[in-house]
Each structure stands twice: as C-alpha cells, then as structure tokens.
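Chemist: This is the structure I have questions about; it appears just below.
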Amino acid sequence: LEAIEYEKLTNSKAWEKVTQDVLNLQEEWRGTGFAPRKANQKIFERYRKACDTFFERKAAFYKSIRAEISANTEKKKELCEIAEQLKDSTDWKETTEKLIQLQKEWKKTGQASKKLSDELWKRFITACDHFFNEKNKDADSQHSSEIANLNQKKELIKKIEAIDTKTNPEEALQTLRDYIAAWNSIGHV
C-alpha cells in the first residue's frame, strides 16, 4: 500500500485498477492472523494510514475531475448561448469566423457532464447548422439571381448587336443609351 505511485494515477482507469488492487490487499489483510501483541497496534495503524491515504487521494482526484467537468459544462453552456445568439445573423463573413472560432473552443473544452453532454452538443450544433444552412440558402439565391442577371445582359448584347446600322444615328444613339441604362439597372453578375 505504501509503495503506490500516485503520480502515475492520472486517469479514472488507472485509479480503478489500483483500487481493485487495494481492495484485494484489504481482503488479504483480513485473512491474515494477528501479529504479536507488541507490534499488532503499530502495524494496524500503519496499514490504516496507508489505506486512508489511498482513499483520500482517490477522493481528491475524483473531486478535481468533477470540478473540471462542471467547469467544462458551464463553458459549453456559454458556447451554446453565444452560438444561439449568432445563428440568425446575416453578416455572413464575420459570423462565419466567429462560429468557426466557437467550434474550435468547443473541441478544446474538455468533457462535460455525461447527463448534459448530448443535450449541449445538440443545442450547439443546431445553432451552427441553422446559421450555415441560411448562409447556403442566401448564397444559392444570390447565385440564381446572378445567373438571371447574366441572361438579361446576354439578351441586351444580342439587341445591341442587332441594331440596324442604317437606322437614324439619333435613334440608334437613343436606343443604345436605353440599353446602357437597362444594363446598369441589372444587378451583379
């Protein structure tokens, strides 16, 4: 018991393995008879101290784990709230950068409470997905309008090319000006 190397116990799996070893040693202790009367009390106190040390350190380890998980849970709740505030933004560039940064923070944040982990993840990813879906819809509609604008401009080019060179120059110039105004009123391609 006194030889346990606590610095090597860095995760729950390691602690549980050593806990089983300690429980086996305690069982063996109970099966062993008494020591001579002079030494029995001192040996028992030494044994009890080693057991107490182990279980106190184990409790401290799990307490720190619970504190870390609690802090992670709170951090992930904050990230959810921020993502939910950003999800309806139409500032596509800046919000995209912010959400990508939030996603990186989410990954860096450790494990949250098992009870809330799935719920928090669903909240977070739902907010992110909502934003990116709206961004994609906007890009698709913008692309569609750009294609429509392109087709309108191609039609104007055909009309300009079809202007009869024998037409009165004043009329041709006015027609060309009308086409230029129409061109300028058509949106971005």
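Chemist: Mind checking which residues of region 1-23 are open to solvent by 90 Å² or more (accessible area, probe 1.4 Å) and under 20 Å from residue 48 (Cβ atoms)?
Modeler: 2, 20
Chemist: Right, something else. Which of the residues spanning region 25-63 are under 21 Å from residue 11 (Cβ atoms) and charged (D, E, K, R)?
Modeler: To start, the set of residues in region 25-63 that are under 21 Å from residue 11 (Cβ atoms) comprises 53-63.
If the condition is that a residue be under 21 Å from residue 11 (Cβ atoms) and charged (D, E, K, R), then 56, 57, 58, 63 are the ones that fit.
Chemist: Then there is this: If you check 152, 174, which single one turns out to be in contact (Cβ under 8 Å) with a residue 24 or more places away in the chain and open to solvent by 70 Å² or more (accessible area, probe 1.4 Å)? Step through it out loud before you land on a result.
Modeler: On the way: 174 fails: in contact (Cβ under 8 Å) with a residue 24 or more places away in the chain.
The match here is 152.
Chemist: Let me ask something else about it. Every residue in region 1-45 that is among the aliphatic types (A, V, I, L, M) and assigned to a loop (DSSP other than H, G, I, E, B), please. Give the steps one after another, and end with the answer.
Modeler: To start, the set of residues in region 1-45 that are among the aliphatic types (A, V, I, L, M) comprises 1, 3-4, 9, 14, 18, 22-23, 25, 35, 39, 43.
Across region 1-45, the qualifying residues are 1, 3, 4, 9, 35.
Chemist: For residues that are under 27 Å from residue 96 (Cα atoms), of a type in the set (A, V, I, L, M) and not in a helix (DSSP H, G or I), tally how many sit in region 130-189.
Modeler: Result for region 130-189: 1.
Chemist: Of all residues in region 5-50, which are more than 38 Å from the chain's Cα centre (by Cα) and within 30 Å of residue 68 (Cβ to Cβ)?
Modeler: First pass over region 5-50, keeping only residues more than 38 Å from the chain's Cα centre (by Cα): 21-50.
The answer is 21, 22, 23, 24, 25, 26, 49, 50.
Here is a yes/no grid of residues against (1) touching a Gly at 6+ places or on another chain (Cβ under 8 Å); (2) surrounded by 15 or more Cβ atoms within 10 Å (Cβ to Cβ); (3) over 17 Å from residue 2 (Cα atoms):
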site: 41; (1), (2), (3): no, no, yes
site: 47; (1), (2), (3): no, yes, no
site: 82; (1), (2), (3): no, yes, yes
site: 93; (1), (2), (3): no, no, yes
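Chemist: Also, quick follow-up: Against the definition (exposed (fewer than 14 other Cβ atoms within 10 Å of the Cβ), farther than 30 Å from residue 21 by Cβ, basic (Lys, Arg) and without any contact (Cβ under 8 Å) to a residue 60 or more places away in the chain), how does residue 108 come out, yes or no?
Modeler: yes
Chemist: Still on this structure, please answer the following. Based on what the data block shows, is residue 117 at pLDDT 90 or above, closer than 30 Å to residue 65 by Cα, open to solvent by less than 70 Å² (accessible area, probe 1.4 Å) and hydroxyl-bearing (Ser, Thr, Tyr)?
Modeler: Details: at pLDDT 90 or above: yes; closer than 30 Å to residue 65 by Cα: yes; open to solvent by less than 70 Å² (accessible area, probe 1.4 Å): yes; hydroxyl-bearing (Ser, Thr, Tyr): yes.
When the stated conditions are applied, residue 117 passes them.
Chemist: Right, another one. Collect the residues in region 127-149 that are within 30 Å of residue 69 (Cα to Cα), surrounded by 14 or more Cβ atoms within 10 Å (Cβ to Cβ) and either touching a Gly at 6+ places or on another chain (Cβ under 9 Å) or not aromatic (Phe, Trp, Tyr) (or both), keeping them in residue-number order. Even if it seems obvious, please write down each step before you answer.
Modeler: Going through region 127-149, the residues within 30 Å of residue 69 (Cα to Cα) turn out to be 127-132.
Adding the requirement that they be surrounded by 14 or more Cβ atoms within 10 Å (Cβ to Cβ) leaves 127-128, 130-132.
Of everything in region 127-149, those that are within 30 Å of residue 69 (Cα to Cα), surrounded by 14 or more Cβ atoms within 10 Å (Cβ to Cβ) and either touching a Gly at 6+ places or on another chain (Cβ under 9 Å) or not aromatic (Phe, Trp, Tyr) (or both) turn out to be 127, 128, 130.
Chemist: Which of the residues that make up region 74-102 are at pLDDT below 95 and of a type in the set (S, T, N, Q)?
Modeler: 89, 90, 95, 96
Chemist: Oh, and also: Exactly one of these conditions fails for residue 62: (1) part of a helix (DSSP H, G or I); (2) farther than 30 Å from residue 120 by Cβ. Give me its number.
Modeler: (2)
The values are calculated or read from the model by the stated rules, or taken from the named source; none is laboratory data. All of these numbers come straight from a predicted model, not from anything done at the bench. Using ideal geometry, Cβ is built from the backbone for each residue, glycine included, and neighbour counts are taken over all protein chains shown. For accessibility, only protein heavy atoms count, side chains too; no ligands or nucleic acids. Shrake-Rupley method; radii C 1.70, N 1.55, O 1.52, S 1.80 Å.
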